[in-house]
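Here's the structure we're looking at; comments come further down.
The values are calculated or read from the model by the stated rules, or taken from the named source; none is laboratory data. For clarity, every value in this text was computed on a predicted model and none was experimentally measured. FYI the Cβ positions are ideal-geometry reconstructions off the backbone, even for glycines, and counts take in every protein chain you see.
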There are 2 protein chains.
Amino acid sequence: MLEETAAWRQPVQETLDQYLATVNNPHLEAAMAYSVDAGGKRLRPLLLLAVVTTFSGDGQQALPAAAALELLHTYSLIHDDLPAMDNDDLRRGKKTSHKQFDEATAILAGDALQSAAFDLLAQTSVAPETLVRLVQLFARAVGPNGMVGGQVMDMDAQGHQIDLATLQQLQAEKTGALLAVAADMGAVLAQASADDAAQVHAFASAFGRAFQIQDDINDVTETAAQLGKTPNKDVAEGKATYPSLVGLTGARKALGDEVAKAKHAASQLSVPAPQLLALLDYFETEKQ
Amino acid sequence: MLEETAAWRQPVQETLDQYLATVNNPHLEAAMAYSVDAGGKRLRPLLLLAVVTTFSGDGQQALPAAAALELLHTYSLIHDDLPAMDNDDLRRGKKTSHKQFDEATAILAGDALQSAAFDLLAQTSVAPETLVRLVQLFARAVGPNGMVGGQVMDMDAQGHQIDLATLQQLQAEKTGALLAVAADMGAVLAQASADDAAQVHAFASAFGRAFQIQDDINDVTETAAQLGKTPNKDVAEGKATYPSLVGLTGARKALGDEVAKAKHAASQLSVPAPQLLALLDYFETEKQ
């Protein structure tokens, strides 16, 4: 990853730390911080900031919005891991929230992180019109017709045969919506033109699809140590994935196709976008 | 309750229905609607609308903000009832969400309702400066230093002796924050003066305290049919309540005191406030 892009990790962390330090209840603060600091790659904040800086926007000013994405993402992981959901004991090599604390704490830490995401986003120092647009985009992306809707589709699909189109829709909502809105919010913050905004949306949508395919591939090819969680879990649970529906070779081809689409979208922008292209280093397309 | 105030229930319901009809996933929509339509009194929306109309604001325009309060409140009830939390099978005389559906659905319906609250709030047709202020107030009130923080305090207090001051702080966050912000948002929407805004905040804070004391009293004095849930649950779980800390007579006196404080605050407004005073009919102070 470009040093310029990765360099934003530290300011994002500081923004997260500053927010969490404002939480009065020590038990709640500890549970929120435990999961926020559990080693995430901060891809969503970095994507937002890469878009902002691509269009010469103010990355510093965008930090609360960028960090809000991470708070929201963290809530979704905590709730996904709950016993009633995916029932995972490990996440990124650390105990999941309900294992480290207890189930009630994990539910409430997740709930608090969702509110916190909106709270932090609403503190972004931009024109009110801009902030309203950010809140509208964000709420739409994470809500019933976005991330949560995808999670429900995922739950309903378990134990059922689903086709590739259904898997794609599920993944587009569950994982794609938050990545796409990171780019959309970056475009709003940097006041990108409508054409540029459409291309970064296309970039982020392809990035999101590639991200989920990579995740599906990792589940069958990586060890527990590499994954930081139980491998082959999708297969064991009869969960549809790219490899289960199109095979490992087919999944790697699909991954390559999505990365190519993302590159193409980036090439259509009115400005060079090394920050965005650098994010594609995440994908292991060289394995093909 | 004043007919004028109660008459807002129908437009609030329509706003909720219209929002829920936009949810694409039928399973998620059914779970969200089940709890939203489980017979709530819509006190929070009615409080916001009573404040708006007290200051001759536009109630119709305020409906998305008012309904957002109910979506948020409903999410908090669904999650409170979960097995890992209060483990309630009944709520308002109907099966709780995790009993009617399953635990995963209840978690996700709650999550979706929280996002939905922000989504609907962000659709309020007011000046961007006003909307930003509403989102800021709302996010703060429902987040880690508001409602969720109170819920964590409540959980931590279980099985421990707590004093009245701790119980009051817990209830102020868990129940009071959302009622107080309903009034604050109403004052913002109606562009009330700073003095009037402070008095409606005082009114709603007293209302919130009275509401929680009434709830504690009902738990020990009402039957399951009246409560719509298991009675004496607080006592059985060794949960601190007003009656357990100051006795039933003390609790009824405290209730009367809070209602009197609310009336006093309403009397200090620059305009008559029959809509606000009518909300106090909710409390059974005649039993004292």
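Scanning the stretch A:119-146 for residues that are within 14 Å of B:Gln136 (Cα to Cα), more than 8 Å from chain B (Cβ to nearest Cβ) and either touching a His at 6+ places or on another chain (Cβ under 6 Å) or β-branched (Val, Ile, Thr) (or both) turns up A:Thr124, A:Val126.
Specify the residue that is farthest from the other protein chains (Cβ to nearest Cβ); the eligible residues are those in the stretch A:147-158 that are within 10 Å of A:Ala240 (Cβ to Cβ) and not acidic (Asp, Glu). Per the criteria, the residue is A:Ala157. For A:Ala182, indicate whether it is out of contact with any helix residue (DSSP H, G or I) (no Cβ under 6 Å at 6 or more places or on another chain), modelled with pLDDT of 95 or more and either farther than 14 Å from B:Ser115 by Cβ or surrounded by 18 or more Cβ atoms within 10 Å (Cβ to Cβ) (or both). Here the answer is no, as A:Ala182 does not meet what is asked.
Scanning the stretch A:92-121 for residues that are outside any helix (DSSP H, G or I) and of a type outside the set (Lys, Arg) returns A:Gly93, A:Thr96, A:Phe101, A:Asp102.
With respect to A:Ala254, is the statement that it is closer than 21 Å to A:Gly150 by Cα, touching a residue at least 24 places away in the same chain (Cβ under 8 Å) and out of contact with any Asp or Glu (no Cβ under 8 Å at 6 or more places or on another chain) true?
Yes: the conditions hold for A:Ala254.
Please verify whether the stretch A:97-118 includes one or more residues that are of a type in the set (D, E, K, R), at the interface with another protein chain (Cβ under 10 Å from one of its Cβ atoms) and more than 19 Å from the chain's Cα centre (by Cα). Within the stretch A:97-118, one or more residues are of a type in the set (D, E, K, R), at the interface with another protein chain (Cβ under 10 Å from one of its Cβ atoms) and more than 19 Å from the chain's Cα centre (by Cα). Can you name the residue in the stretch B:133-158 that is hydrophobic (A, V, I, L, M, F, W, C) and over 16 Å from the mean Cα position of the chain (by Cα) and, of all such residues, is farthest from A:Ala127 (Cα to Cα)? Checking each candidate, the answer is B:Ala157. I'm trying to understand the selection: among the residues of the stretch B:41-76, which are assigned to a helix (DSSP H, G or I) and of a type in the set (Lys, Arg)? Within the stretch B:41-76, B:Arg44 is the sole residue that qualifies.
With the structure loaded, tell me whether A:Val235 is more than 18 Å from A:Arg91 (Cα to Cα) and free of Cβ contacts under 8 Å to residues at least 60 places away in the same chain or whether it fails that test. Against the criterion (more than 18 Å from A:Arg91 (Cα to Cα) and free of Cβ contacts under 8 Å to residues at least 60 places away in the same chain), A:Val235 does not qualify.
Within the stretch A:122-148, being assigned to a loop (DSSP other than H, G, I, E, B) and not aliphatic (A, V, I, L, M) holds for A:Gln123, A:Thr124, A:Ser125, A:Gly143, A:Pro144, A:Asn145, A:Gly146. Note on the stretch A:21-64: residues that are within 11 Å of chain B (Cβ to nearest Cβ) and surrounded by 24 or more Cβ atoms within 10 Å (Cβ to Cβ) total 3.
Restricting the search to the stretch B:77-91, which residues are in a helix (DSSP H, G or I) and more than 8 Å from every other protein chain (Cβ to nearest Cβ)? Selection gives B:Leu77, B:Ile78, B:Asp80, B:Asp81.
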